[in-house]
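Here is the structure we will look at, set down as structure tokens.
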Amino acid sequence: MTHNLSSGDTVGMSFWLISMALVAATAFFFVERDRVAGKWKTSLTVSGLVTLIAAVHYFYMRDVWVATGESPTAFRYIDWLLTVPLLMVEFYLILSAVAKVPAGVFWRLLIGSIVMLGFGYAGETGLMSAKIAFWPSMAAWGFIIWEIFKGEASRINAGLANPHVQKAYKTMTLLVTVGWAIYPLGYFVGYFTNGADAGTMNIIYNVADFWNKIAFGVVIWAAAVADTDSKQASSIKTS
Ligand SMILES: *C/C=C(C)/C=C/C=C(C)/C=C/C1=C(C)CCCC1(C)C
């Protein structure tokens, strides 16, 4: 069922804009996959899958919003439940492109994100008190941050000889702390202060998704291209 998007519906327009940006990003990551060295290809595939899954969910979310003016919470969390673990896989993949990484790194990040989103969903849908669910969700996010800043993943990254991976890793950790902070902020404003209506919360979540899904992929893409180009340059020099 398609409903007409009215020009005064800013929230609906933000759903529309971001769904198109996600489609374009998907095409970009899949095409650019051809350009990078073999060890980077899986990372770019996963970046494209993240934006593809999100784009499809944004089509549905936009329809729910335009038709009802209500938050598409179920679609939102299904999207996050699929894409956040894939973003966590990216940490594992970029390190694995240049080093041997134990599977525990992947599992800890995966479990952290499932706990974080599970409590968020319970809070937003009234399965439990939104004010209580906030705290275990924050703790799980804190656990993820600890793992990438101080845990095994960070120690592996510190020991690498590849500056491109290290730079990408650093920017990705910034996105997971500063970029992801927009989500709990939106939740907090929505459920603790009565300061935000459904429209404001959706705009906050939409802007956050734009950054954390597209920019995240672009950072990985940039590292992949820089690393691929530097290897090609050095092989030309030595031959
Ligand atoms: C592509 C989607 C992404 C990166 C979604 C990330 C979502 C979060 C980091 C959500 C975090 C939350 C908390 C830390 C506490 C309150 C509840 C949540 C789920 C909004």
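Taken together, the values in this text are just the output of simple stated rules run on the coordinates, not laboratory data. This one's a predicted model, so the numbers in the text were calculated from it and none came from an experiment. We place every Cβ from the backbone using ideal geometry, glycine too, and count neighbours over all the protein chains shown.
Cross-link partners among lysines for LYS167, C-alpha distance below 20 Å, same-chain residues fewer than 8 apart left out? Cross-link targets: LYS39, LYS41, LYS100, LYS150, LYS213, LYS231. The range 73-114 and the range 201-224 have Cα centres lying 15 Å from one another. Note on the range 10-224: dipole from Cβ charges, positive end direction compared against THR10, ALA25, PHE192; the farthest Cα belongs to ALA25. In this Cβ point-charge picture (+1 for Lys and Arg, -1 for Asp and Glu), the range 84-213 has a dipole of about 420 debye about its Cα centre. Highest mean packing comes first when the peptides 132-144, 4-16, 201-213 are listed by Cβ atoms within 10 Å, giving 201-213, 132-144, 4-16. Annotation for the range 81-174: trypsin sites (Lys or Arg not before Pro) lying in DSSP loop with at most 15 further Cβ atoms inside 10 Å of their Cβ are LYS100, LYS150.
Dipole check for the range 1-96: with +1 at the C-beta of Lys and Arg, -1 at the C-beta of Asp and Glu, and the Cα centre as origin, the magnitude is about 340 Debye. Based on C-alpha pairs under 8 angstrom that are at least 6 apart in sequence, the range 10-224 has a relative contact order of 23 percent.
May I ask you to order 79-87, 62-70 by the average number of other C-beta atoms within 10 Å around their residues, highest value first? Walk me through the numbers on the way to the answer.
On the way: 79-87: 20.1, 62-70: 17.1.
Listed from highest to lowest mean packing, they are 79-87, 62-70.
Radius of gyration over Kirkwood radius for the chain, both on Cα atoms: the Rg/Rh ratio is 1.01.
Could you give the size of the charge dipole of the chain about its Cα centre, using +1 on the Cβ of each K and R and -1 on the Cβ of each D and E, expressed in debye and rounded to the nearest 20?
Details: 16 positive and 14 negative charges, 188 e Å.
Roughly 900 debye, rounded to the nearest 20.
Considering only MET201, HIS164, ALA215, the residue lying farthest towards the positive end of the dipole of the range 129-239 is HIS164, judged by Cα position with unit charges set on Cβ.
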